[in-house]
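Reading through the structure tokens given below for one structure.
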Amino acid sequence: MMPSSSRKSLTDCRHLARAEVRKAVGVDPGAVCPITLNMGLLVDSKVMETEKINFGSGNHMYGLEIRTRDLEKVVAFRVVDVAKAA
């Protein structure tokens, strides 16, 4: 989860430590809301095969669920094969 402008390819990505996530987006891992991020969003191709997608709302007490096909209506993203890049 790094700004896309600072990364060259998916293989350059890495998981961030809890403190790095909090510093980057202001919430702890598990509460991050991808539709409010000001950075490139990568979505695994397998996620796009599901009917619905669930993600954080910015608060650990609440989550969001939308139809996967509606994701493009609320946020820009790039579909990637994460498992193949690992």
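So if each residue of separation counts as 0.36 nm, and I subtract the Cα-Cα distance between Arg78 and Leu64, what length gain in nm does that give?
3.1 nm
Using modelled backbone amide H atoms (1.01 Å from N, in-plane), which distant-in-sequence or interchain residues come within less than 5 Å of Asp44's amide H?
Correct list: Val80.
Starting at the first residue of segment 12-23, write each ³J(HN,Hα) from the Karplus equation 6.51 cos²θ - 1.76 cosθ + 1.60 with θ = phi - 60°, in whole Hz, x for Gly and Pro.
Computed from phi, the couplings for segment 12-23 are 7, 6, 8, 6, 9, 5, 3, 5, 5, 5, 4, 5 Hz.
For Cys33, list long-range residues whose amide hydrogen, built 1.01 Å from N in the peptide plane, is under 5 Å from its own amide hydrogen.
Gly58
What fraction of the Cα pairs in segment 4-85, stated in percent, has a spacing above 18 angstrom?
Details: 1554 of 3321 pairs.
Counting pairs separated by more than 18 Å, the tail of P(r) holds 47 percent.
Test of understanding: what is the full-extension gain from Arg14 to Glu49, defined as 0.36 nm times their sequence separation minus their Cα-Cα distance?
Going from the current span to full extension adds 10.2 nm.
Lys/Arg Cβ at +1, Asp/Glu Cβ at -1, dipole of segment 4-85 taken about the Cα centre: which of Ala76, Val47, Val21 is farthest positive-ward?
Among Ala76, Val47, Val21, the one farthest towards the positive end of the dipole of segment 4-85 is Val21.
Quick note: the coordinates plus some simple rules give every number you see, no bench work behind them. Quantities reported herein were computed from a predicted structural model and do not represent experimental measurements. Using ideal geometry, Cβ is built from the backbone for each residue, glycine included, and neighbour counts are taken over all protein chains shown.
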